[in-house]
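Report on one structure; see the data block that follows.
The values are calculated or read from the model by the stated rules, or taken from the named source; none is laboratory data. The structure displayed is predicted, hence computed values, not measured ones. Neighbour counts are summed over all protein chains in view; Cβ atoms, including those assigned to glycine, are modelled from backbone coordinates with ideal geometry. Side chains included, ligands, DNA and RNA excluded: accessible areas come from the protein's heavy atoms. Shrake-Rupley method; radii C 1.70, N 1.55, O 1.52, S 1.80 Å.
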2 protein chains.
Amino acid sequence: MSKQTIYYTLTDEAPALATASLLPIFSAFAKEADIKLELTDISLASRILSAFSDLLPADKQVEDGLKFLGDLTANPDANIVKLPNISASLPQLYAAIKELNAQGYNLPNYPENPHTDEEKEVQARYSKVLGSAVNPVLRQGNSDRRAPAAVKGFARKHPHSMGKWSKTSTSHADYMRSGDFFESEQSVTMTEAQTVRLEFVGEDGTVEVKKSLPLIEGEVLDSMNINCKALRDFFEESLQDAKDNNIMWSLHVKATMMKVSHPIVFGHAVTVFFKDVFEKYGELFKELGVNPNNGLGSVYDKIQTLPEAQQEEIKQAIDACYTTRPELAMVDSDRGITNLHVPSDVIVDASMPAMIRNSGKMWGRDGKAHDAKAVMPESTYARIYQEAINFCKTNGAFDPVTMGTVPNVGLMAQKAEEYGSHDKTFEMKANGVMRVVDANGNVLMQHTVEKGDIWRACQTKDAPIRDWVKLGVTRARQSDTPAVFWLDEERAHDNELRKKVETYLKEHDTSGLDIRIMSYNEAIRFSMERLIRGKDTISVTGNVLRDYLTDLFPIMELGTSAKMLSIVPMLKGGGMYETGAGGSAPKHVQQLMEENYLRWDSLGEFLAVAVSFEELGIKQNNEKAKVLANCLDKATGKLLDTNKSPARKVGDIDNRGSHFYLAMYWAQELAAQTDNAELAAKFAPLAKELAEKEATIVAELAAVQGKPAGLTGYYHIDLAEVAKIMRPSNTFNTALATL
Amino acid sequence: MSKQTIYYTLTDEAPALATASLLPIFSAFAKEADIKLELTDISLASRILSAFSDLLPADKQVEDGLKFLGDLTANPDANIVKLPNISASLPQLYAAIKELNAQGYNLPNYPENPHTDEEKEVQARYSKVLGSAVNPVLRQGNSDRRAPAAVKGFARKHPHSMGKWSKTSTSHADYMRSGDFFESEQSVTMTEAQTVRLEFVGEDGTVEVKKSLPLIEGEVLDSMNINCKALRDFFEESLQDAKDNNIMWSLHVKATMMKVSHPIVFGHAVTVFFKDVFEKYGELFKELGVNPNNGLGSVYDKIQTLPEAQQEEIKQAIDACYTTRPELAMVDSDRGITNLHVPSDVIVDASMPAMIRNSGKMWGRDGKAHDAKAVMPESTYARIYQEAINFCKTNGAFDPVTMGTVPNVGLMAQKAEEYGSHDKTFEMKANGVMRVVDANGNVLMQHTVEKGDIWRACQTKDAPIRDWVKLGVTRARQSDTPAVFWLDEERAHDNELRKKVETYLKEHDTSGLDIRIMSYNEAIRFSMERLIRGKDTISVTGNVLRDYLTDLFPIMELGTSAKMLSIVPMLKGGGMYETGAGGSAPKHVQQLMEENYLRWDSLGEFLAVAVSFEELGIKQNNEKAKVLANCLDKATGKLLDTNKSPARKVGDIDNRGSHFYLAMYWAQELAAQTDNAELAAKFAPLAKELAEKEATIVAELAAVQGKPAGLTGYYHIDLAEVAKIMRPSNTFNTALATL
């Protein structure tokens, strides 16, 4: 790699479409500072194809972009701009495979119940593509996320809508009080490097080694179990409670990130809710290959092979459940898609903030918002949402105009705390004991388990913890803001971490800083009490809370988490600049397909690329890069101020229009700045031309809106085809080409 | 006074009636230890009579029992057993005057709007009788309240009923967010003794000295204002919100303790709720002397002089309000008595715990329990109830079997923090400025006020604070329990106290103790989190929170606050032992009158007298007193264990029956003990006789139940007459007389 290269990721859905318009602008500008923007494809389709590259003909093989970038993270000069990608659920994987097959890629089907070694191999390859497959590879550093001053200022000046909270709201979070991961968690810190065994001991005493796990010195290993019966009883009770109290029932899990444990949890919700159906048709469903972990959608999908009459009977049995159960929250009431249809539709970290922002309501069958019981079975993190709900009932909705901000420093490096998302999570096939045994045969941790229980272990290495503490102190110092380490004294894992935090804090000058350690409920309450008083508080958290909080607070503060500055200072010295945390927006693609209007807001990309330029400028001593960065930030501020962000519907400015304005403002800032005369001279003509032709360009961009865009691929897009759609203004393209 | 004298108070209503049966037992037993129990009358009637003693003929004059005891508190040997008394509201005062006049005491009427000096003098005398008139005189020490081990053990074995909490409960606390005392509080600590002036400065610059206030060195003086318009707007908004959300509206103030400020607050609630009525008939009501601060009852009372038709018209106008307003919580739905009828019917410290214990519900017009908006306008302390409600919604009702305990050490001595209950509270008659000016003319504090605002100042002397800190540390040490000083960092007063607390804590050995300072919400949350985990936490609080918390937690833990051990270690060395904090139970009197059944539980008296004996024994080196105390505690424990506490209805054991069993068990314990042979010998025959005649005595006691008791006085009882009612067992009386 050249040290002057920025790796820009091609991902999925809306951000990928936007890239076709935006990257040419970035590239054209960057070229003037001798910087190259290299596009690296890590889309779901590309990851599937590269996983089966050996089975494809040479002309259909693709490079493994993810592996390339993963290797790059070890390079101290790595500079990666990472856009949101799909964390694929099984249904999404199926759809992508189907599309690729239709495009002539001869891929094997995903074997749900692999029997042969070959099938097992195929499943193993696909499983590496499923769920959060990208982040663990790329995030070779901890996480530093905050609202940039310009964005925060904009939100204060132009506050987004916030649903009012009624003091009489009946909405609440519901979670298990016993039998869950939280209650059963155990944790040990390795005093020396060794390989431990994760073993299952059957009731007959037979020992099955589920996994050998090499650990390094100082590594924290947790284990925990969720009791299947307790989980199902909890679902049944919460359903009954919702029914009795006439409140909507809504499930919120994280089937993407916790890709092994949470689909199972989701599946139990499906089979408990539709208990009557699964009891009656259980055997048939098994034959058909229905997998409740894939949602009710799997039932509708698999019964299509049955005779019409039988299909109808099953559908009626499903509908009958709705009369005995409480109302179920909807993902899409128009199309009758409930919360239980697809496991990836409702993702707790995004759905709970949306609910809290929407007066604590979810959408009902009638298309209207209703109070809801938000069911998050596992209590470890669910409690913070109840705390937030109680807070809003007591104090009303947060006010974007007056509220402070809660930036996050998150532990993430080296796959820290990847709960339930990896090969250390097991669904128990029999009663017995799961235990962790060290190299000398000592049992480090053990749980009595029952058939159906979900047992999981989780690793957190020492170096990332040490770096995380350092990053927390650095952020507290740089922004002169109190920092709270969220470590729950009732969690075994957190108590192990607390010891390390207390040790590593001593390595830093913390004089004059306000650094505290608090349990989750205390910490969120403390932060919220400060928040409504306009005060800022840095949350220094583990990986899951990083994920949750960098949606929760930004959505309250900014209306979206996509506007956050999201930096991964790599342990090896490089940097990754993530854009947005708001997912890849499938609904935006739908709108583009139907009416050639893309409402994706590339603000996150603007912010990330500015930091990317700045870092490159500092590290490579590239003055022009710094000027580009500085002017890009100013242009972004102007874009916000002049309200040139994408609107939501045909006739208004869309993603492409906002890119044009960014380019114009950026060029104007470059022309006007005096730090680098060469750049000023270079950009003056472009600034002039774009300003003169503003009306023409805007008209050309607007002209294409309103009719289907003619997009042929969804998961595997043809970039040349997309470029035609996304760059419809010849005037603009021509002007840009003059650089 | 003899050093071997215990002063036992004659108070009002149920406890006074119980005294007629119980005191003879205590006296008979005490005599054997050479202890005399002296009955001192501090009933409302007695206090009224002594206030006008000079106007009464010699044979109708009564001693000023309250003054006598007040003087006694300065004596290091003082030993006072204090039973609950009436804190009279105006309606209660009227009723008492009426009864006394009927009994031939020629008392002046209470002049509501005094004009002549004579009327003003009469009003001033009565005002000393109103509200919390007893406690400020007698409580010459701080407060030490806790659940005795036997009582806590009993509650764990025989848990009282606790209403379940629904996660979907809509109940909540509603309070002002601005314009209240909390927001406006200012506080200064006097660096030297001096007299300050509380002045009103009119808009024309005229200065009116409302009060000259001599202060001593180290005394903390607060001032605060509640804006009348903000208060009335708040009531209107909360009514509208309740109406819109179809939730019952319920007002909770403390018109007794905060006898100047809170009746005014109550009056505003009445005139806002019945706005239409007061707008239409305002002039007429003024002529009639209607005082909304006395509740809607005052309207019904005063209109009785009007022609039938006009009365009917007004009553219909009142009824019409109920259709435009939200449902109003009822005190007595059978008799149509709402929360707004009488200011002393609903007293926040008792009513809120009852609501929380009852699933967060209040009683509606239909006689059923409903979710309610609990309106406590002033936010200083109201917030803790919202915290408690949120906690119950989240965690369910408290469980008496498993919960810990929250004892209280309360700042109370020398009228500390008597907010709104004294002559430093003023209702503003015009717009202007209220200010506190020191001897040198410096303005120490000031508030811009408007007509109708309530401005109040409040004193807290240094010595009580120092003693309170000491008592907090002592209790923490003696019970090896964490102690939390509840001091809110957003309150000016508490910040002054915090400085003193931090200073005085250094005077004590706190090594190994867990002593913290927390804001109210933090403190109650911390205590509740520990509570549900079975852990104890001492609350070290100011005066109002003392009052509130020693109802709140005992009612959850024990089902009643009457079972608390309540000790006032006097600053001068004496001790007062208070029995119960549950009021004087007017409904119990009603039941006795109608069916000669008294369900008052004298447990508080048993506990208090035991401590009183013990303290006397220690101070006067009276070994027999200690043995009496020890055996009384054991007898109380046995009484609880054998379920000989009063039941609730005719046919079961009542107050008198429980006294018999206490006497029998006490005698048995004394006969069985070996610490003092003389006492054992003395009580052996009585123990034997009572055991032999148990059936006869119980039958004699039961025989009188079921018919009206023939009680002639209510406020001013004839003790000889009451003794006949309360001591109907000749067999028991004769046996007791053998001592």
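Things to note:
- Rg(Cα)/(2.2 N^0.38 Å) for segment A:227-381, N = residue count: 1.00
- Exposure of B:T448 as accessible area (Å², to 10), given a probe of 1.4 Å and all protein chains: 120 Å²
- Residues in segment B:379-396 occluded by at least 10 Å² - accessible area, probe radius 1.4 Å, against chain by itself: B:Q386, B:E387, B:N390, B:K393, B:T394, B:N395
- Relative to the Cα centre, the charge distribution of segment A:227-381, modelled as +1 at Lys and Arg Cβ and -1 at Asp and Glu Cβ, gives a dipole magnitude of about 400 debye.
- Listed by chain and number, the aspartates and glutamates whose alpha-carbon sits under 13 Å from that of A:K499, ignoring those within fewer than 8 places in the same chain, are A:E219, A:D462, A:D488, A:E489.
- Counting only DSSP beta bridges with both residues in segment A:227-381, the antiparallel share comes to about 45 percent.
- For segment B:613-739, the Cβ-based charge dipole about the Cα centre amounts to some 260 debye (Lys, Arg positive; Asp, Glu negative; other atoms uncharged).
- For segment B:406-413, 3J(HN,Hα) per residue [Karplus equation, 6.51 cos²θ - 1.76 cosθ + 1.60, θ = phi - 60°, Hz, x = Gly/Pro]: 10, x, 10, 10, x, 6, 8, 5
- Solvent-accessible surface (1.4 angstrom probe) belonging to A:K243, in square angstrom, nearest 10: 80 Å²
- Inter-chain neighbour count for A:166-178: the average number of beta-carbon atoms from partner chains within 10 Å of each residue's beta-carbon is 4.
- Using alpha-carbon coordinates, inclination of helix B:603-619 to the longest axis of chain B, degrees: 70 degrees
- Gyration tensor (alpha-carbon) shape descriptor, segment A:494-639, a/c threshold 1.5: oblate
- Charge sum, other residues only, whose C-beta stays under 11 Å from B:C392's C-beta, Lys/Arg counted +1 and Asp/Glu -1: +3
- Each of B:V469, B:V331, A:G559 was scored by the projection of its Cα onto the charge dipole of the protein assembly as shown, and the greatest displacement toward the positive side belongs to B:V469; charges sit on the C-beta of Lys, Arg, Asp and Glu.
- Basic side chains Lys and Arg get +1 at the Cβ, acidic Asp and Glu get -1 at the Cβ, and with that the dipole of the protein assembly as shown about its Cα centre reaches some 540 debye.
- Residue closest to axis [chain A; rotation mapping onto B; Cβ; Å]: A:N390, 2
- Each part gets one Cα centre, and for segment A:339-358 versus segment B:340-367 those centres are 39 Å apart.
- Label distances, nm, B:A699 versus same residue in remaining copies, Cβ-directed 7 Å point: 11.4
- Residue-by-residue Karplus 3J(HN,Hα) for segment A:286-295, coefficients 6.51, -1.76, 1.60, Hz, glycine and proline x: 4, 4, 6, x, 5, 10, x, 5, 8, x
- The C-alpha atoms of chain B define a longest principal axis, and helix B:543-558 lies at about 50 degrees to it.
- Interface burial for B against A (accessible surface, 1.4 Å probe, total of both chains, Å², rounded to 100): 1800 Å²
- Relative to the longest principal axis of the Cα atoms of chain B, helix B:462-479 runs at roughly 50 degrees.
- Size of chain A as Cα extents on the principal axes (Å, biggest first): 81, 68, 61
- For segment A:60-110 versus segment A:423-470, the gap between their alpha-carbon centres in whole angstrom: 29 Å
- A cut-off of 5 Å between modelled amide H atoms, ignoring neighbours fewer than 5 places along the same chain, links B:D514 with B:A483.
- A cut-off of 5 Å between modelled amide H atoms, ignoring neighbours fewer than 5 places along the same chain, links B:M445 with B:V436.
- Ligands, DNA and RNA left out, the accessible area of chain B computed with a 1.4 Å probe is 49% carbon and sulfur.
- Legend: residue pairs A:K128/A:K563; B:K98/B:K373; A:K167/B:K229, Cα-Cα distance threshold 31 Å; pairs beyond threshold, B:K98/B:K373.
- Three-way shape call for segment A:213-307 based on the alpha-carbon gyration tensor, with the a/c threshold at 1.5: oblate
- Taking the label point 7 Å along Cα→Cβ, A:Y300 and its counterparts in the other copies are spaced 6.0 nm apart, in ascending order.
- Helix-only [θ]222 nm of the protein assembly as shown, DSSP H runs n ≥ 4, -39500 (n - 2.57) each, per residue, nearest 500: -14500 deg cm²/dmol
- Per residue accessible area of chain A, 1.4 Å probe, in Å²: 37 Å²
- Rounded, prolate or oblate (a/c below 1.5 giving rounded, otherwise prolate when a/b exceeds b/c) for segment B:1-152 by Cα gyration tensor: prolate
- By the equivalent-ellipsoid construction on the alpha carbon gyration tensor, segment B:591-701 comes out with semi-axes of 27, 17, 10 Å, ordered largest to smallest.
- Under a 5 Å amide H cut-off, with hydrogens placed 1.01 Å from N, A:L10 pairs with A:T40, A:D41, A:I42 among residues at least 5 apart or on other chains.
- Cα principal axis extents for segment A:74-120, largest first, Å: 44, 26, 21
- Distance violations [Cα-Cα > 25 Å] among A:K619/A:K644; A:K500/B:K535; A:K243/B:K368: A:K619/A:K644; A:K500/B:K535
- Along its first, second and third principal axes, ordered by size, the protein assembly as shown spans 119, 88, 67 Å in Cα coordinates.
- Whole-Hz ³J(HN,Hα) from phi, Karplus 6.51 cos²θ - 1.76 cosθ + 1.60, for segment B:723-739, glycine and proline x: 4, 4, 5, 8, 10, x, 9, 4, 4, 5, 4, 5, 4, 4, 5, 6, 5
- Measuring spread by the Cα atoms of segment A:385-440 yields a radius of gyration and Dmax of 20.6, 59 Å.
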